[in-house]
Amino acid sequence: MTADRPWDKAVVIGGSYAGLVTARVLADFFTEVVLVERDAVDEGTGTHPGAPQGFHAHAMLARGGEILERLFPGLREELRAEGAPVFDYGEGIDFLLPAGLAPRRRTGVRIQSFTRDELERRLRRKVLARPEVTLMDSTRCTGLIRDPSGRVSGVTCRRQGAQEPVEVAAELVVDASGRSSALGDWLSTLGISVPPKRTVKAKVTYTSMTFDRPEDGHLDHPDFYVAYQMLFAPRVSRAGVLLAVERNRWTCSLFAHEDQPPTDDTGYLAFAESLANPRLAQHIARRTVQETTHRYTNVDNQWRLYHAVRNWPDGLIAVGDAVCVFNPVYGQGLTVAAMEAELLHRMLAGRRGAGGHAGSSGLAGLAGPGGLAGLAGDFQKKVGRLLLGPWTLATNSDLMWSRGPRPFAARLAHWYNARLFHVAVQDAAVWSRFVRVVNMVASPASLFHPAVVLKVLMSAFTPGAKGT
């Protein structure tokens with residue numbers, strides 16, 4: 001251990017996206033980071049075998065892209081070299097809002113489109129190349145270990161085919177095992193009560209296909225990199241997105257509320273032709289090479305309220321989908337996990353800067369203001385605050401599909417958004433504000449600036465204006 005890395009060992013449960021970015025952060029502070037992964041993976045693995053959503057269209061919002069570039073300098077250019085385009089959100093997206101097409105104007109918000117397969121492969125290579133990181137693949141974590149003080153001091157694991165479990169000691173354990181996380185059960189076994197998780201059902205099904213994006217012909221160089229039609233309750237129940245991705249391909253995801261976009265070729269194209277944005281069907285129809293079509297139905301929003309646990313144990317944190325799962329239609333999951341990793345980096349840097357050093361026993365760093373004591377509980381509380389904004393955005397929209405009573409706040413937000421879209425299709429400045437909020441580079445409060453509110457109200461009460 002050194003002044004730069006004052007702590008000995010950390011364990012990360014789960015080697016998918018959230019686990020990889022968290023392991024990257026921990027490698028700056030711990031002499032060893034053990035990445036425990038239940039599936040057989042190596043540095044060449046792309047989409048995590050246990051992540052069914054990995055085959056569908058993914059959106060890395062601008063905020064998430066900025067964080068990843070800080071953690072993995074040069075990543076954006078590496079992806080660009082493989083053909084993953086970088087473009088201005090306003091100029092490069094053919095975006096059909098419920099009120100019409102969004103302005104095609106420069107917003108200053110730059111994003112990049114790629115497959116999750118390519119992103120994870122590159123992240124995994126970079127993380128596993130770190131000398132501090134050790135991979136234990138084909139290994140399932142089965143529980144937590146606590147020391148006499150109550151602090152979590154490691155995990156029990158069982159390698160595939162092995163008869164006996166092994167114990168891995170650690171000064172910090174991170175659960176990044178995703179929506180299938182068993183952490184709630186483990187905590188209950190330790191006598192720690194966790195509030196019931198919040199669930200908001202989206203009832204949305206995704207069907208996705210990746211296919212060729214030829215370099216010649218009259219549609220070779222379209223004036224967009226993403227074509228999108230958004231879902232919007234209750235009127236727009238079918239939608240889809242088409243993204244230009246690496247190696248001259250398109251990835252298309254078609255989605256519907258209480259409907260299932262077909263997986264057969266004829267039905268898939270027919271569904272795309274039923275959308276109001278013709279760009280998707282246009283490019284699906286001209287494909288010559290395609291990959292396997294995948295369907296994904298488990299898209300409910302779920303939030304495990306770990307920030308509300310009163311006796312949260314030291315030495316344990318949870319991140320990513322192990323804490324909160326979002327309906328993927330809003331594209332928030334990857335960015336939120338990156339924000340959590342950035343938060344952890346900031347908190348560990350503060351502890352390191354305060355003089356914490358584990359010493360030869362690995363215990364001294366757990367006490368005092370510069371150690372890890374109290375970090376875990378503080379982190380989960382901060383994650384709770386971090387999640388509130390994206391959770392509210394996703395669930396306010398999804399609650400509007402409900403046929404039963406809907407909260408007044410959700411109904412008001414939905415009404416405001418509907419009117420905001422009517423303004424945005426005519427006002428590039430309002431659209432630019434919306435783009436910055438959606439990409440998490442501006443506060444949602446910017447959409448309630450007096451000038452914007454005035455335009456929304458004027459639109460709402462203009463004779464002949466239509467509600468949504």
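By counting other Cβ atoms within 10 Å of each Cβ, how are 67, 192, 317 ranked from fewest to most?
If I rank by nearby Cβ atoms, fewest first, I get 192, 67, 317.
Nearest 10 degrees is fine. How inclined is helix 450-460 to the longest principal axis of the chain, computing both from alpha carbons?
Long axis of 450-460 versus the principal axis of the chain: about 40 degrees.
Using a cut-off of under 19 Å, list every residue of the stretch 171-203 whose amide N is near the label point 7 Å from the Cα of residue 158 along the Cα-to-beta-carbon line.
Only 177, 180-190 pass the distance filter.
Between residue 130 and residue 91, 0.36 nm times their residue separation minus their Cα-Cα distance comes to what?
Net length gain for the segment: 10.3 nm.
What's the extension gain from residue 259 to residue 311 if we count 0.36 nm per residue and subtract their Cα-Cα distance?
14.4 nm
Give the residues of the stretch 247-274 whose amide nitrogen is closer than 16 Å to a point set 7 Å from the Cα of residue 288 in the direction of its Cβ.
Residues passing the 16 Å test: 248-250.
Using only Cα atoms and rounding to the nearest 10 degrees, what angle (0 to 90) does helix 428-438 make with the longest principal axis of the chain?
30 degrees
Dividing the alpha-carbon Rg of the stretch 203-296 by 2.2 N^0.38 Å yields what?
Cα-based Rg divided by the globular estimate yields 1.03.
Roughly how many nanometres apart are two label points built 7 Å out from the Cα toward the Cβ at residue 248 and residue 121?
1.7 nm
Using only Cα atoms, find the angle between the long axis of helix 375-398 and the longest principal axis of the chain, and express it within 0 to 90 degrees, rounded to the nearest 10.
Here the helix axis deviates by roughly 20 degrees.
For the pairs 126/203; 201/382; 203/381; 9/201, note any where the Cα-Cα span goes beyond 31 Å.
The pairs that break the limit, which is 31 Å between Cα atoms, are 126/203; 9/201.
What 222 nm value per residue comes from the helices of the chain, counting each DSSP H run with n ≥ 4 as -39,500 (n - 2.57) and dividing by all residues, nearest 500 deg cm²/dmol?
Result for the chain: -10000 deg cm²/dmol, rounded to the nearest 500.
Divide, for the stretch 139-190, the radius of gyration over alpha carbons by 2.2 N^0.38 Å, where N is the residue count.
Here the answer is 1.14, to two decimals.
Work through the residues other than residue 412 whose Cβ is under 15 Å from its Cβ and net out their charges, Lys, Arg +1 and Asp, Glu -1.
Net local charge, residue 412 excluded: +3.
May I ask which residue of 162, 86, 456 lies farthest towards the positive end of the charge dipole of the chain, with charges of +1 (Lys, Arg) and -1 (Asp, Glu) on Cβ and the Cα centre as origin?
Farthest towards the positive pole: 456.
Roughly how large, in nm² to one decimal, is the mean projection of the convex hull of the alpha-carbon atoms in the chain?
Mean projected area of the Cα convex hull: 23.8 nm².
For the stretch 404-460, compute the orientation-averaged projected area of the C-alpha convex hull (one quarter of its surface), in nm².
Taking a quarter of the hull surface, the average projection is 4.3 nm².
Spin-label point model (7 Å from Cα, Cβ direction): what's the residue 409 to residue 77 distance in nm?
Using points 7 Å along Cα→Cβ, the separation is 4.5 nm.
Pick out, in residue order, every one of the GluC sites (Glu not before Pro) in the stretch 152-235 that is DSSP loop and has at most 14 other C-beta atoms within 10 Å; say none if there are none.
Those that pass, being in a loop and sparsely packed, are 215.
Can you order the peptides 441-447, 140-146 by their average number of other Cβ atoms within 10 Å per residue, highest first?
Peptide ranking by packing, descending: 140-146, 441-447.
For a quick protection proxy, order the peptides 318-324, 289-295 by their average other-Cβ count within 10 Å, most packed first.
Highest mean packing first, the order is 318-324, 289-295.
Throughout, read-outs are computed from the coordinates displayed, never taken from laboratory work. Quick caveat: nothing in here was measured; it's all calculated off a predicted structure. With ideal geometry, Cβ positions are generated from the backbone for all residues, glycine too; neighbour counts draw on all protein chains shown.
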